[in-house]
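Worksheet: the structure to be examined is printed underneath.
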Amino acid sequence: MIIVKLMGGLGNQMFQYAAGKALSIHLGTELLIDRSFLDAEFENTTKRNFELDIFAISEKIIDNNYITRNFRFDHSRRSKLISLITGKKLIHEYIENQFNFNERFFELLDKTLLIGYFQSEKYFASSSKLIKNIYSFPDIKNSNINEYSEKIKSCEAVSIHIRRGDYVKNSTIANFHGTCSPEYYENAVEEIINRVKNPVAFIFSDDMDWVKNNFTSKIPYHYINLQGHADFTDMYLMSLCKHHIIANSSFSWWGAWLGSNPAKTVIAPLKWFNDTSK
């Protein structure tokens, strides 16, 4: 049994589930999904909801009480003896302490709780086909979204994701992540022009007013404005695009990764965090 603690928004939850799923398959054991962090309130942390229910995920969803009732953490040499006294099963705790891939991840033991972001495809490369099948979007019956999807499918569509939101409004998050500059997007568009014939941009952002005032596209473009719709609709439309310019965001990373074009060009920022050591 592997337990993965979900944190963050949709893109983060998708990385965490994918890593946990791949490890559970590697160990031949079940996966449980712990949503207790999402249910809690923390200062300087954007409140998030459980968002993986849009996908065909069958794993059991648990809260922190489930772990407390059924397990005792393996924190000391005495824990085995304590376990015998209490009758509770031991559970190991793995807390990610780096943002690059840990090559020893698949040496973890059964009965481990995973806490971290696991933002590397290497964590689930061995199960990538399965993960892509699981992350199939539900049928969307909405004339506005369907109109965008038809436009995207009819051209050499390039998704451009400009992430601001809590990257700007929350000082703690802003200091940690930072945002991609207008120059990054301008240079990325130039690269697309050099690589793609007749590209058309589809611009996604949580701050479209800022985009309209600060970013000018050198290629034909459409603003994707889906206010009032679930977050996954943006990711769904991104995934339909043939090429991608992503932000330092797990959300647009997944939009690009789920794209089916085998010849896609994906441009990403070299700097993912303000602290370049991460």
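Readers should treat all values here as calculations from the given coordinates under stated rules, not as data from a laboratory. All values derive from a computational prediction rather than experimental measurement. Here the Cβ is made from the backbone with ideal geometry for all residues, glycine too, and neighbour counts use every protein chain on show.
List the residues of the range 135-160 whose backbone N lies under 15 Å from a point placed 7 Å from the Cα of residue 219 along the Cα-to-Cβ direction.
The answer is 152-160, whose backbone nitrogens lie closer than 15 Å to the label point.
Search the structure for amide H atoms under 5 Å from the amide H of residue 62, placed 1.01 Å from N in the peptide plane, and list their residues when 5 or more places away or on another chain.
33, 34, 35
How much length, in nm to one decimal, is gained on full extension between residue 96 and residue 154, taken as 0.36 nm per residue of separation minus their Cα-Cα distance?
16.7 nm
Residue separation times 0.36 nm, minus the C-alpha to C-alpha distance between residue 198 and residue 56: what's the value? Show your work: numbers first, answer last.
On the way: separation 142, 0.36 × 142 = 51.12 nm, distance 3.61 nm.
Going from the current span to full extension adds 47.5 nm.
How far apart, in nm, are two points set 7 Å out from the Cα along the Cα-to-Cβ line at residue 226 and at residue 107?
It works out to 4.2 nm between the two label points.
State, to one decimal in nm, how far the label point of residue 208 lies from the label point of residue 270, with both points 7 Å from Cα in the Cβ direction.
Label at residue 208, label at residue 270, 3.4 nm between them.
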